[in-house]
């Protein structure tokens, strides 16, 4: 009797109990089911994993050490971290400025030259207090007030001299 594979829709000869034309299609179906199950129970799964990690800190440390000891994994983690950092930074710059982001003082638009500035000053004290990456902190705290986007030149000038030369030129 002729049947149709549920994965690739290829026709094949077989008995009534077979749903797939090959073992590879059978594996794909099993993986699809596993993924559907995972996504429908994602919170429960993540909670179980976090609980296990809290109970087995020594095992987690060994597993992570083994994982990071492989050069290809180290590079993968670095790429992911770099991309995540750039994404967080760009979202924060867009939130506190315009799209595309620009310096509030001189209008510089090169993203590489832009920085987040504490409007009231005291940025060093704030960074020491939060003990975290500024971009992570700003994102985690839902972009609080009191920040603006300046280029590094304007930010440094305001920090060192208390004013920006661009503001003097405008006045």
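Do we find that residue 94 is surrounded by 13 or more Cβ atoms within 10 Å (Cβ to Cβ) and in a helix (DSSP H, G or I) in this structure?
Against the criterion (surrounded by 13 or more Cβ atoms within 10 Å (Cβ to Cβ) and in a helix (DSSP H, G or I)), residue 94 qualifies.
I'd like to know if the range 99-106 contains one or more residues that are out of contact with any helix residue (DSSP H, G or I) (no Cβ under 6 Å at 6 or more places or on another chain) and surrounded by fewer than 11 Cβ atoms within 10 Å (Cβ to Cβ).
Yes: the range 99-106 contains one or more residues that are out of contact with any helix residue (DSSP H, G or I) (no Cβ under 6 Å at 6 or more places or on another chain) and surrounded by fewer than 11 Cβ atoms within 10 Å (Cβ to Cβ).
Check residue 83 against each of (1) at pLDDT below 95; (2) in a helix (DSSP H, G or I) and name the one condition it does not meet.
Result: residue 83 passes all but (1).
Checking the structure you have, find out if any residue of the range 161-168 is surrounded by 14 or more Cβ atoms within 10 Å (Cβ to Cβ) and touching a strand residue (DSSP E or B) at 6+ places or on another chain (Cβ under 7 Å).
no
With the condition kept exactly as written, say whether any residue in the range 142-156 is buried (at least 18 other Cβ atoms within 10 Å of the Cβ), over 29 Å from residue 68 (Cα atoms) and more than 26 Å from the chain's Cα centre (by Cα). Walk me through how you get there before you give the answer.
Start the filter on the range 142-156 by keeping residues that are buried (at least 18 other Cβ atoms within 10 Å of the Cβ), which leaves 147, 149-151, 154-155.
Subsequent filtering for residues that are over 29 Å from residue 68 (Cα atoms) retains 147, 149-151, 154-155.
Still in the list and also more than 26 Å from the chain's Cα centre (by Cα): 154-155.
Yes, the range 142-156 contains at least one residue that is buried (at least 18 other Cβ atoms within 10 Å of the Cβ), over 29 Å from residue 68 (Cα atoms) and more than 26 Å from the chain's Cα centre (by Cα).
Within the set of pairs 6 or more residues apart or between chains, which connect a residue that is more than 17 Å from residue 89 (Cα to Cα) inside the range 116-138 to a residue that is surrounded by fewer than 14 Cβ atoms within 10 Å (Cβ to Cβ) with Cβ atoms less than 6 Å apart?
Short answer, once both residue conditions are applied: 119/146.
Take the residues in the range 116-136 that are crowded, with 17+ Cβ neighbours inside 10 Å and within 19 Å of the chain's Cα centre (by Cα), then tell me which one is nearest to residue 169 (Cα to Cα). Working first, answer last.
So in the range 116-136, the residues crowded, with 17+ Cβ neighbours inside 10 Å come out as 116-118, 123, 134-135.
Restricting the remaining residues to those that are within 19 Å of the chain's Cα centre (by Cα) gives 116, 134-135.
On the way: 116: 23, 134: 31, 135: 31 Å.
Restricting to residues being crowded, with 17+ Cβ neighbours inside 10 Å and within 19 Å of the chain's Cα centre (by Cα), the top hit is 116.
The values are calculated or read from the model by the stated rules, or taken from the named source; none is laboratory data. Being a predicted model, the structure only gives us computed values, none of them experimental. Every residue, glycine as well, gets a Cβ built from its backbone with ideal geometry; the counts of neighbours run over all protein chains shown.
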